Amino acid sequence: MAQSSESKLQLVQRHIRAFPDFPKKGILFRDICPILKDAAALSAVIDLFEDHVRNNYKQVELIVGLDARGFLFGPMLAQRLGIGFVLVRKKGKLPGATLSVTYDLEYGKAEVEIQEDAVASGQKVLLIDDLLATGGTLCAACELMEKQQATILGCLVVIELKELNGSDKLKPHSVFSLVQY
């Protein structure tokens, strides 16, 4: 018998661990590693994303995964949907010609890039990552998609930290999160 969406979501929630004061004091880190080591929980994540995409984004052509945890969920979702997957990586990790975007971190700057030929102009994409906090990395990835003239349909995350207002930074793009804290 197939599990309901609610029971799948509960399974996912049970497999998210909290680590206080990591990576520094005052941060409550949400760990997805238990999801990855449990086949049923991992399947539940992909099932929930697949249902959402099939119901809301029938025209999607590519899943774009963010370095590094978007790489864990994105290829499985893309395979289920029968579409391609492309990488947004940290600077210096991709061969060939790339486009890059620099963005601000709490203490400094970071840079992400994509291969120039990864996304065609007008291609309809969904971006995926494990967590949305302040929105910096996802926002930078959206900028990369705009540079490539892709059509951004939305963003998908396993966990959203609502109090950090990352989804506000991503507007007008929508954010779908499985679990919110």
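Counting only residues that are in contact (Cβ under 8 Å) with a residue 60 or more places away in the chain and touching a Leu at 6+ places or on another chain (Cβ under 9 Å), which one in the range 1-26 is nearest to ASP51 (Cα to Cα)?
The extreme case among them is LEU9.
Given the conditions (1) closer than 25 Å to GLU163 by Cβ; (2) touching a residue at least 40 places away in the same chain (Cβ under 8 Å); (3) of a type outside the set (Lys, Arg); (4) out of contact with any helix residue (DSSP H, G or I) (no Cβ under 6 Å at 6 or more places or on another chain), report the number of the one that TYR57 does not fulfil.
Of (1) closer than 25 Å to GLU163 by Cβ; (2) touching a residue at least 40 places away in the same chain (Cβ under 8 Å); (3) of a type outside the set (Lys, Arg); (4) out of contact with any helix residue (DSSP H, G or I) (no Cβ under 6 Å at 6 or more places or on another chain), only one is false for TYR57: (1).
Within the range 163-172, can one find any residue that is closer than 19 Å to PRO23 by Cβ, surrounded by fewer than 20 Cβ atoms within 10 Å (Cβ to Cβ) and out of contact with any strand residue (DSSP E or B) (no Cβ under 6 Å at 6 or more places or on another chain)?
For the range 163-172, residues closer than 19 Å to PRO23 by Cβ, surrounded by fewer than 20 Cβ atoms within 10 Å (Cβ to Cβ) and out of contact with any strand residue (DSSP E or B) (no Cβ under 6 Å at 6 or more places or on another chain): present.
Tell me, which strands (runs of 3 or more DSSP E) lie completely within the range 77-181 with 3 or more residues that are out of contact with any helix residue (DSSP H, G or I) (no Cβ under 6 Å at 6 or more places or on another chain) and modelled with pLDDT of 95 or more?
Per the criteria, 84-90, 98-105, 108-115, 124-132, 151-160.
Right, LYS90: out of contact with any Gly (no Cβ under 7 Å at 6 or more places or on another chain), free of Cβ contacts under 8 Å to residues at least 12 places away in the same chain and of a type in the set (Lys, Arg) or not?
No.
Identify, please: which residue in the range 63-77 is within 15 Å of GLY154 (Cβ to Cβ) and either touching a His at 6+ places or on another chain (Cβ under 9 Å) or hydrophobic (A, V, I, L, M, F, W, C) (or both) and is, among those, surrounded by the most Cβ atoms within 10 Å (Cβ to Cβ)?
VAL64
Condition first: surrounded by fewer than 18 Cβ atoms within 10 Å (Cβ to Cβ) and of a type in the set (S, T, N, Q). Now tell me which residues in the range 108-142 satisfy that.
GLN115, SER121, THR134
For the range 13-39, which residues satisfy the criterion of being under 28 Å from LEU153 (Cα atoms) and among the aliphatic types (A, V, I, L, M)?
ILE16, ILE32, ILE35, LEU36
Can you pull out every residue in the range 50-80 that is of a type in the set (A, V, I, L, M, F, W, C) and within 18 Å of CYS33 (Cβ to Cβ)?
LEU66, ALA68, PHE71, LEU72, PHE73, MET76
The values are calculated or read from the model by the stated rules, or taken from the named source; none is laboratory data. These numbers were taken from a predicted model, which means no experiment stands behind them. Here Cβ is always computed from backbone atoms with ideal geometry, including for glycine, and neighbour counts include all displayed protein chains.
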